[in-house]
Amino acid sequence: MRHLVGLLLGTEQDWPAAFETVLRRLGPVKGVGEFDVERITIEPFDLRDSPRHDLVIDRLAYWYYHPREWLKKIAMMDDVYLLNSPFTFQSMEKQAAYCAMMRLGLKVPDTVLVPYKNPPDNTRYAYTAARYNRPFDLDEVADRIGYPLFMKPYDGGAWRGVSLVRDRAELHRAYDQSGEMLMHLQKAVEGYDVFARSLSIGAETMVMRFRPDEPMHARYAVDHEFLSPALGEEVVTIGRLVNAFFRWEFNSCETLVKGADVHPIDYANACPDVALTSLHYYFPWAIKALVRWSVFCVGTGRRPRLDLDTREYFAVTGSYEERLAAYRRLADAYFETDRYHDFCESRLRHLDEIVLDWVAGPDFDRLLVDTVTATYPAAERDRFVAHFRGLLGLWVKDSG
Ligand SMILES: Nc1ncnc2c1ncn2[C@@H]1O[C@H](COP(=O)(O)OP(=O)(O)O)[C@@H](O)[C@H]1O
Ligand SMILES: [Mg+2]
């Protein structure tokens, strides 16, 4: 039996090449069959056509609407397995995730959505606004939240339009500049101890120490003990909860940890950063997890779930800790976490060795050099090749 995985890609070359290599080296999986992988092209599609793919990994639909609509069609009509539900993961909208997390009792900082600064481009606006827009006092809204605060687009990504606002002058400057973007004002978590960024791929989560003030290549620190075991579990649980709740299986989540409190700030990243030059040490894990989860979903005939169980989650009561424990059970049931680990243990044990050999060998080094060459100016290439070789060498040493 042959199964086909489709990749819906934009400009990335690094992880897709890695994924293709590893999936091909994996060979036939016991009781499951063989896997092929291909890159999907964009062309007219008949809504009644049957796709050839068993599973599609999407990196494009958050900004390119034609393939987005194709994803909805193959999800709705053909049961193709998608890692993120196209119905809840449209764009990178944060608002719905904030609402869900607040209702679920998570410690999201206070957040207000303010109306557009500039009118949306619609001929009905002038009449509607004159009739129904209530004048509001931006200073008063900000005073209620308290400074410092963040002003950021409700559907943001990649820090576009995000500003730290410390006083009234900055508030008005940021709002004036927001133009036609719809903005949240959100209380800043000040003086946090650590920024934990977790990347979830199916039932696996990697929690990484993130340093937002560093340049791109140094944002993820290699640090295995920056959170206590209890806080680490809490961060994993929150990520798994939000992902299970919305049917997201390839997502990154940002939490600010201050003392004993975990504050989620950004939980909807439809196209999480998995670049080799960002993840470096963690890149081989991400590729393995993508391969494992894809093979598990196809191999066990896991059914894509487009329906939501919101009621089940909202019915959970008790203290914060009790609720988290109950959410974790619901989320683990959704992700079939135990079954997944059994599957990896019984069918995919050889993957570790395949990836270790590959990362330690010349093919991976070529990918690394090509990626650095495509990413950095010529004058910086040697330095960055050495930098990333060092980090991946460390991973090989730690994993050997
Ligand atoms: N409430 C907050 N408290 C502290 N820092 C924040 C807060 N909101 C955003 N930030 C900072 O701004 C960055 C971008 O905000 P985020 O909500 O993650 O937007 P994006 O989707 O563009 O990544 C975060 O990584 C963090 O450094
Ligand atoms: Mg973010």
query = Can you put Glu249, Glu353 in order, fewest other beta carbons within 10 Å first?
reply = Glu353, Glu249
ask   = In nm, to one decimal, how far is the Asp79 label point from the Arg303 one, both placed 7 Å along Cα→Cβ?
value = 0.7 nm
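Once you charge only the Cβ atoms, +1 for Lys and Arg and -1 for Asp and Glu, what is the size of the charge dipole of the chain about its Cα centre, to the nearest 20 debye?
Dipole size: approximately 540 debye.
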query = At q = 0.19, 0.21 Å⁻¹, what base-10 log of I(q)/I(0) does the Debye formula yield for the range 2-82 when every alpha carbon is treated as an equal point scatterer in vacuo?
reply = -0.86, -1.01
query = If you stretched the chain out fully between Lys397 and Ala315, how much longer would it get, using 0.36 nm times the residue separation minus the C-alpha to C-alpha distance?
reply = 24.9 nm
ask   = Relative contact order for the range 153-267 using alpha-carbon pairs under 8 Å, separation at least 6, rounded to a whole percent?
value = 25 percent
inquiry  = What FRET efficiency comes out for Asp365 versus Arg134 if R0 is 60 angstrom and r is the Cβ-Cβ distance? Round to the nearest 0.05.
reply    = 0.45
ask   = Per-residue ellipticity at 222 nm for the chain, helices alone: DSSP H runs ≥ 4 residues times -39500 (n - 2.57), over residue total, nearest 500 deg cm²/dmol?
value = -14000 deg cm²/dmol
ask   = So, by mean Cβ neighbours within 10 angstrom, what's the order for 230-240, 289-299 with the highest one leading?
value = 289-299, 230-240
task = For the chain, evaluate the Debye formula with one uniform point scatterer on each Cα (no solvent term) and list log10 I(q)/I(0) at q = 0.09 Å⁻¹, rounded to two decimals.
result = -0.59
remark   = With x for Gly and Pro, the residue-by-residue ³J(HN,Hα) of the range 186-195, computed from phi through the Karplus equation 6.51 cos²θ - 1.76 cosθ + 1.60 at θ = phi - 60° and given in whole Hz, is 9, 4, 6, 7, 8, x, 5, 7, 7, 9
Long-range amide H partners of Val37 with built H, under 5 Å = Val5
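Could you compute the FRET efficiency for His224 and Ala379, with r as their C-beta to C-beta distance and R0 at 35 Å, rounded to 0.05? Present the calculation step by step, with values, prior to reporting the outcome.
Numbers: r = 34 Å, r/R0 = 0.96.
It comes to 0.55.
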Alpha-carbon radius of gyration plus Dmax, which is the widest Cα pair, for the range 110-187 in Å = 12.8, 36
message = Can you give me the C-alpha center-to-center distance between the range 36-61 and the range 337-400, rounded to a whole angstrom?
response = 28 Å
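Take Phe226, Phe250, Phe150 and order them by how many other Cβ atoms sit within 10 Å, fewest up front.
On the way: Phe226 17, Phe250 25, Phe150 20.
Ascending Cβ contact count within 10 Å gives the list Phe226, Phe150, Phe250.
Which of Lys288, Lys397 has the fewest other C-beta atoms within 10 Å, and how do the rest follow up to the most? Before the final figure, lay out the partial values.
Values: Lys288 22, Lys397 9.
In increasing order of surrounding Cβ atoms, one gets Lys397, Lys288.
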task = With an 8 Å cut-off on Cα pairs and a minimum separation of 6 or more residues, tell me the relative contact order of the chain in percent.
result = 18 percent
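At 0.36 nm per residue, and after removing the present C-alpha to C-alpha distance, how many nm does the segment from Leu47 to Ser346 gain when stretched out fully?
The Leu47-Ser346 span can extend by a further 103.8 nm.
Fully extended, how many nm does the chain gain between Arg24 and Glu69 (0.36 nm per residue separation, minus their Cα-Cα distance)? Don't jump to the answer; show the numbers that get you there.
Working: separation 45, 0.36 × 45 = 16.20 nm, distance 2.90 nm.
Stretched out fully, the Arg24 to Glu69 stretch lengthens by 13.3 nm.
Values in this text are rule-based calculations from the coordinates and carry no lab data. Since this is a predicted model, take the numbers as computed values, not measurements. Neighbour counts are summed over all protein chains in view; Cβ atoms, including those assigned to glycine, are modelled from backbone coordinates with ideal geometry.
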